[in-house]
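A short worksheet on the structure shown next.
The values are calculated or read from the model by the stated rules, or taken from the named source; none is laboratory data. Everything numeric in this text was worked out from a predicted model, so none of it was measured. As a convention, Cβ positions derive from the backbone with ideal geometry for all residues, glycine included, and neighbour counts pool all protein chains shown. The protein model used for the area step is the full one, side chains on, heavy atoms only, and it has no ligands, DNA or RNA in it. Shrake-Rupley method; radii C 1.70, N 1.55, O 1.52, S 1.80 Å.
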Amino acid sequence: MSLELFGTWLAALLTLCIFSFLYKDNPFYKFAEHLFVGVSAGYWLCYNYWNMVKPNLIDNLEAHNWEYLLPLILSAFMLMRLIPKVGWLSRWAIAFMIGSGAGLMIITYLQSNFLEQIKSTLVSLDPTGLPWYVVLNSFLIFVGVVSGLVYFFFSKAHTGVTGGVARVGVVFLMVCFGASFGYTVMARISLLIGRMYFLLHDWLGLV
Amino acid sequence: MLDSILEAVTFVSVRYKDTKEQRLLRRELHVIFGICARQRLGFNLSVIRIRALRVLLPVVVVVLVILGATTVFPVGSSSSNAPPRPPIGIALQDRPNDAGGAIEITWEASKDDSRGRGTVNSYSIYRSEQPQSGFVKIKTVSSGKEEYRYNDEEVENDKRYYYRVTAETSSDAFSDSGVVGPVTASPQWFHSDRWNMLIALLIVSASVLTFITLARKGKDLYIRPIAGLQAVDEAVGRATEMGRPVLYVPGILDMDDVQTIAGVAILGRVARKTAEYETSLLVPVSRSVVMSAAQETVKEAYWDMGKADAYHPDMVRYITDDQFGFAAGVDGIMLREKPATVFFQGAFYAESLILAETGHSIGAVQIAGTAMTSQLPFFVTACDYTLIGEELFAAGAYLTEDPRLVGSLKGQDVAKGLAIAFIVIGIILETAGYHWLTNFLKVN
């Protein structure tokens, strides 16, 4: 048996083991699950070392870029969790990561989720020279965005006029979710088709 | 020339029979050229013929000579090895609004580019740190434009550089712009096209800080009830009554994602409840840093509730970084541990429905929360409660009532109010044909 054929058989059997979960939890699924988790954890350990630690830290230290000693020290702090007496040092590294992550993201969010969104909503409602459906589309965008924003307003109870507008916002959100659901299900079906094709074509040669 | 045509027509009309149509034609020609052809009708025919030939022949010869010459020797061209005219208007500048390390070179096309003789087929850019020597070719760009721009991103900050640009033909003839420079690259602290971002940031920050200050001074700030969060205590209580654990999944992204941060913040509240009710808590994670942060959060919650002995680090378990490996591992935990309550709070991708369906199949109460719009439909479908987008970030403030978080949430509400005002005013202006607000909001 060639190595390639062995690989195909192994992949097919493991696929069936995972599919057996559709019946109920069983030893075959447990075996495939543990193998998958263990192999992927090992794979990502190697991947992170060769793609993150080595090029970003070790190579820079070897090039005498001494400012990279700071991340090295913070990394060492993370490992201090293994020593209970100095485990508190890991909080510094975590605080640095959370603080810098949030600080860097605020600009991105402010741009893409605030200014750009407002700008894209500023559409003309002047019907002169435009087909009726374009004007209707612009009007729906306006109503949908404003009512959606009112729904996410936490300082006022959803009663009276605010509640009515918020309910319109929920309707828009649900229509959006419905469309997204259908779109994503189609993508998932294509994944299933890919796996079935592997079983029926690559493994069994039936199609 | 026109006079010659008139004479030729007159010649023909005299030579042959003078028909009505020919007379009409003559009259038209008289009107057009303002010439009294009738007077010429009295000329001797041979004189007319000689005059016509005398005028027409040199014209034809001259035209033929010019056409032939321009075909064989294009106007203004020289031999194929002659150098083209050089590029003009070479300008160097430190690329604006960047982090340094780049110089922008612009120039106008050679007169022999596509709008001229078309002999220039490329331009080469040379760089040196000395004006007299050491020039190295760094880039060649194709011709065909009126203006050219190239960003040299292989320079060091605060170093002086000189440039030359050459226009080249297909036969390797070239002409040089001459040395231009020096120029230095440097980073800019402020992006001059992003004043709108600064103004927005200052407004949002000011409102957040104002409300945090008010909250700290004890001002009662109202936050409306959020259905999914009101169910947290009830769901943990259910697990306690059933004697089964609570499962909490803080998403699959790392701690630099705000959704994970929000998820870990909510975990603190859930952990306090499980500590209070002495209910078992399971927190599978897919990132090592999230594991550390989650362990710290759970540990602190148990200590705060005076249940330090009930805490053990294995409550938070690292599974794997792999997306579907993680999904398979969490599914296995759900099937074997059979938690009564499952929380999905954070960033999720395609594994969301796999996890939520498994939780549903074991009859767990499920409370999900994410800002991933593509996954929200699955959580809405398969979970009992779903925190939609912004509600996930509001959850920390709602559950903990921490003045900093509550003030921050109120400050963000002010920003949302401003956004609504901008949208209403902006749409009115756009409809009236004014675009300045739209242009102001444009981010470069």
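Reported count of residues in the range A:129-149, each being more than 9 Å from every other protein chain (Cβ to nearest Cβ) and within 28 Å of the chain's Cα centre (by Cα), is 4.
Within the range B:373-392, the set of residues being within 10 Å of chain A (Cβ to nearest Cβ) and under 31 Å from the mean Cα position of the chain (by Cα) comprises B:T373, B:S374, B:Q375, B:L376, B:P377, B:F378, B:F379, B:I388, B:G389, B:E390, B:E391. Checked against (1) over 39 Å from the mean Cα position of the chain (by Cα); (2) open to solvent by 10 Å² or more (accessible area, probe 1.4 Å), B:T341 passes all but a single condition, namely (2). The residues of the range B:204-229 that are touching a Lys or Arg at 6+ places or on another chain (Cβ under 9 Å) and facing chain A (nearest Cβ under 10 Å), listed by number, are B:F211, B:L221, B:Y222, B:I223, B:R224. From the set of residues in the range A:113-128 that are at pLDDT below 85 and more than 7 Å from every other protein chain (Cβ to nearest Cβ), which is most open to solvent (accessible area, probe 1.4 Å)? That would be A:T128.
Rundown of residues vs (1) farther than 28 Å from A:T121 by Cβ; (2) in contact (Cβ under 8 Å) with a residue 60 or more places away in the chain; (3) touching an Asp or Glu at 6+ places or on another chain (Cβ under 8 Å); (4) open to solvent by 60 Å² or more (accessible area, probe 1.4 Å), yes/no style:
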position	(1), (2), (3), (4)
B:L355	yes, yes, yes, no
B:S361	yes, no, no, yes
B:P377	no, no, no, no
B:L409	no, yes, no, no
B:K416	no, no, no, no
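Every residue in the range B:301-336 that is open to solvent by 50 Å² or more (accessible area, probe 1.4 Å), facing chain A (nearest Cβ under 10 Å) and without any contact (Cβ under 8 Å) to a residue 60 or more places away in the chain, please. The answer is B:P313, B:Y318, B:F324, B:R336.
Would you check if B:T260 is closer than 22 Å to B:A327 by Cβ, in a helix (DSSP H, G or I) and either assigned by TED's automatic domain parsing to the domain that holds B:H312 or modelled with pLDDT under 90 (or both)? When the stated conditions are applied, B:T260 passes them. Taking the range A:156-174 as the range and being more than 26 Å from B:S374 (Cα to Cα), within 13 Å of chain B (Cβ to nearest Cβ) and hydrophobic (A, V, I, L, M, F, W, C) as the test, only A:A157 passes.
Being in contact with a strand residue (DSSP E or B) (Cβ under 9 Å, 6 or more places away or on another chain) and of a type outside the set (A, V, I, L, M, F, W, C) is the filter here, so list the residues in the range B:278-295 that pass it. Result: B:T279, B:S280, B:P284, B:S286, B:R287, B:S288, B:S292, B:Q295.
Scanning the range B:269-298 for residues that are closer than 17 Å to B:Y398 by Cα and open to solvent by 10 Å² or more (accessible area, probe 1.4 Å), which turns out nearest to the chain's Cα centre (by Cα)?
B:R269
Among the residues making up the range B:213-237, a single one is surrounded by 21 or more Cβ atoms within 10 Å (Cβ to Cβ) and touching a Pro at 6+ places or on another chain (Cβ under 9 Å): B:A215.
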